[in-house]
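Taking it in order: structure first as structure tokens, then the write-up.
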Amino acid sequence: MKQRIAFFLLLLFISPTNYVFSQDDGEVIRVDSSLVVLNATITDLDGKPVPGLQKNRFSIFEDGVEQKIDFFSAEDTPFAAVILLDTSGSMEQRISMARSAAIRFLSGLRLGDMAAIYRFDSKVARVQAFSEMRDVDEAIFDTKASGMTSMYDAIVKASEELSQRSEKRRAIIVLSDGEDTSSGRSADFALKSALKAGASIYTVDMSGADGGRRAQNAAVLRNFAEKSGGRFVATPGGTAMREAFENIVAELGTQYTLTYDPSNTAKDGKWRAIELRVARKNLLIRTRKGYNAPKTQKPTRYKISLPQKAQR
């Protein structure tokens, strides 16, 4: 009886746990931290990167309220990226082009950059684990176009994988026609997953459709890119595609990284809009548009009925 009572009393004190992990370099990361990370691409009006900007040039606003910048870096640092290769039936005529694009991206990796490849059709499957290698795994050439399209699920999977990485700069490269037909998750959930992981989404339109259907699919891809601070590539072939991938690799390595601890500490799960400003004219700024605040779960309450003493 004493053991049963002790067990029930223990349940009374159960509360959410704050897990702490330690990396090899001794840095401690708290999973419940409210720290917000911004990776920003700053270019001139011609699209060329603008280096050398100092911290005092930047201002961050959350829901219109200026925030204190806790960390700032303009260094050329390594990044982690997940390439998502659409191998669904609708990609039958363009699967070889998509493979070539993935290979082009890997060929531009620098020392320390890490990339993984996943394919998606009706399911999401890993083709190549995170690696610094510029050579693509031969398994990529076995991919054939078939099945339906689970692009949103693939973005969620990539976000989960990137959230486990130590690199602050993270990206998801989506090579697809943009038409999802079988995901269990929504486009909104996929975007929120990427934002939570601090990943920018770069989308390449591989659509072969015409007219309104192509415009609708492209709008989905463009939305992912614009709201996460990535880039939408409208032309998937030829010189334009090669240049686009070279630019993506270059900008991922030369982004500005800023962090702040939000002054709004309410854990209500609501959307927080972010605006990044730079005190210099004629610049184009790309970064995430916001995030959803964490939501506190109410602790579980247990009603315990202890046995009464027997009447004598």
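The values are calculated or read from the model by the stated rules, or taken from the named source; none is laboratory data. From a predicted model like this one, the values you see are computed outputs, not experimental measurements. Every residue, glycine among them, receives a Cβ derived from its backbone with ideal geometry; neighbour counts consider all protein chains shown.
Restrict the check to the stretch 163-177 and report whether at least one residue is among the hydroxyl-bearing types (Ser, Thr, Tyr) and either part of a helix (DSSP H, G or I) or at pLDDT below 85 (or both). Checked against the condition, which is being among the hydroxyl-bearing types (Ser, Thr, Tyr) and either part of a helix (DSSP H, G or I) or at pLDDT below 85 (or both), the stretch 163-177 yields no hits at all.
Residues checked against (1) closer than 23 Å to residue 269 by Cβ; (2) under 21 Å from the mean Cα position of the chain (by Cα); (3) at pLDDT 90 or above; (4) assigned by TED's automatic domain parsing to the domain that holds residue 230:
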{"residue": "21", "(1), (2), (3), (4)": "no, yes, no, no"}
{"residue": "24", "(1), (2), (3), (4)": "no, no, no, no"}
{"residue": "40", "(1), (2), (3), (4)": "no, yes, yes, no"}
{"residue": "45", "(1), (2), (3), (4)": "no, no, yes, no"}
{"residue": "49", "(1), (2), (3), (4)": "no, no, no, no"}
{"residue": "53", "(1), (2), (3), (4)": "no, no, yes, no"}
{"residue": "57", "(1), (2), (3), (4)": "no, no, yes, no"}
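Put simply, of 234, 273, 244 the only residue that is touching a strand residue (DSSP E or B) at 6+ places or on another chain (Cβ under 7 Å), in contact (Cβ under 8 Å) with a residue 12 or more places away in the chain and closer than 20 Å to residue 158 by Cβ is 244.
Kindly provide the set of residues from the stretch 103-129 that are aromatic (Phe, Trp, Tyr) and either touching a Ser or Thr at 6+ places or on another chain (Cβ under 8 Å) or part of a strand (DSSP E or B) (or both), ordered by number. I'd like the intermediate steps shown before the answer.
Of the stretch 103-129, the ones aromatic (Phe, Trp, Tyr) are 105, 118, 120.
Within the stretch 103-129, 118, 120 meet the criteria.
Residue 93 falls short of the stated requirement of being free of Cβ contacts under 8 Å to residues at least 24 places away in the same chain, more than 17 Å from residue 245 (Cβ to Cβ) and assigned to a loop (DSSP other than H, G, I, E, B). The single condition from (1) part of a helix (DSSP H, G or I); (2) of a type outside the set (D, E, K, R); (3) out of contact with any helix residue (DSSP H, G or I) (no Cβ under 8 Å at 6 or more places or on another chain); (4) closer than 14 Å to residue 87 by Cβ that residue 98 fails is (3). Looking for something surrounded by 14 or more Cβ atoms within 10 Å (Cβ to Cβ), within 21 Å of residue 46 (Cα to Cα) and modelled with pLDDT of 80 or more - is there at least one such residue anywhere in the stretch 268-276? Yes, the stretch 268-276 has at least one match.
Selection of the stretch 195-226 for residues being under 18 Å from the mean Cα position of the chain (by Cα), of a type in the set (A, V, I, L, M, F, W, C) and closer than 25 Å to residue 100 by Cα yields 199, 201, 204, 220, 221, 224, 225. Applying the set (1) on the phi < 0 side of the Ramachandran plot; (2) of a type in the set (Gly, Ala, Ser); (3) surrounded by fewer than 20 Cβ atoms within 10 Å (Cβ to Cβ) to residue 102 leaves exactly one unmet item: (3). Report whether or not residue 185 is touching a Ser or Thr at 6+ places or on another chain (Cβ under 9 Å) and surrounded by fewer than 21 Cβ atoms within 10 Å (Cβ to Cβ). Yes; evaluated as a whole, the condition is true for this residue. Exactly one residue among 279, 244 is more than 17 Å from the chain's Cα centre (by Cα), hydrophobic (A, V, I, L, M, F, W, C) and at pLDDT below 95, and that residue is 244.
Do we have residue 81 as touching a residue at least 60 places away in the same chain (Cβ under 8 Å) and part of a strand (DSSP E or B) here? So residue 81 fits the description; yes. Scanning the stretch 61-94 for residues that are under 21 Å from residue 156 (Cα atoms), touching a strand residue (DSSP E or B) at 6+ places or on another chain (Cβ under 7 Å) and not small (Gly, Ala, Ser) yields a total of 7. Go through the residues of the stretch 196-218 one by one and say whether even a single one is of a type in the set (Phe, Trp, Tyr) and not in a strand (DSSP E or B). No, there is no match, as no residue in the stretch 196-218 is of a type in the set (Phe, Trp, Tyr) and not in a strand (DSSP E or B). I need every pair where a residue in the stretch 141-158 that is among the small types (Gly, Ala, Ser) and modelled with pLDDT under 90 has its Cβ under 6 Å from the Cβ of a residue that is in a loop (DSSP other than H, G, I, E, B) and surrounded by fewer than 24 Cβ atoms within 10 Å (Cβ to Cβ), sequence separation at least 6 or different chains. Here the result reads 145/92; 147/122, each pair linking the stretch 141-158 to a residue that is in a loop (DSSP other than H, G, I, E, B) and surrounded by fewer than 24 Cβ atoms within 10 Å (Cβ to Cβ).
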